[in-house]
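As structure tokens, the structure follows; a few thoughts come after it.
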Amino acid sequence: MEEIRYNRHNHTHYSDGRLSPADVVRANKQKGYNCIALTDHFSVDGIDEAIEEGTKLGVTVFPGIELETKKVELLGLFIDHKNPQLRAFLQQLRQYHDAVLRETIEHLNKNGIRVSVEEIRRFAGCRAIFNENIIDFLVQKRFAANKRRAKKMLVAVPLNRIKKFSQKRFIRQQLKQRQK
């Protein structure tokens, strides 16, 4: 019986990683993993590509997702990544996240730091931009002397509260449907 070597937490460029889903599978194969979960933030868009590459390379790929709450990050494993309600929910989360990102960028622009969402995305090399990406950008482009000062430049927006509310509402909807 073959030994199972697994990596249950992987991100692609659909989230805050830099690699394509196929490249994530290849990188894990090179490290000796034969079983992985793809767990992007807010996205299941890369799962089919990862499964296809995994099939070619003999790597089992489990569909997953990473969701954030105010206190913890949750990994959902073995999810139904084709579920239309899940996809609609994730689209809603991305819209909230993008609205907060635009507000943060507007705040920076109003305070003399000329930057765009596209510029931050190019810098980060991924689709989902988080405060940490913006902080790294501000430090590397010398808008801030260090990460502590860069954090102070960002507007405090209760994104986690928005996501937590949305996740609770989605879970309630799923439970109600199962009871029918």
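Just one of the listed residues (G64, G76, G125) is within 28 Å of R26 (Cβ to Cβ) and at pLDDT below 85, and it is G125.
Results for (1) under 17 Å from the mean Cα position of the chain (by Cα); (2) on the phi < 0 side of the Ramachandran plot, shown as yes or no for each residue.
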site	(1), (2)
F42	yes, no
D45	yes, yes
D48	yes, yes
E52	no, yes
K56	no, yes
I79	yes, yes
E106	no, yes
G112	no, no
G125	yes, no
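Counting the residues of the stretch 145-160 that are closer than 28 Å to L19 by Cβ and either at pLDDT 85 or above or more than 17 Å from the chain's Cα centre (by Cα) (or both) gives 4.
The values are calculated or read from the model by the stated rules, or taken from the named source; none is laboratory data. The structure displayed is predicted, hence computed values, not measured ones. Using ideal geometry, Cβ is built from the backbone for each residue, glycine included, and neighbour counts are taken over all protein chains shown.
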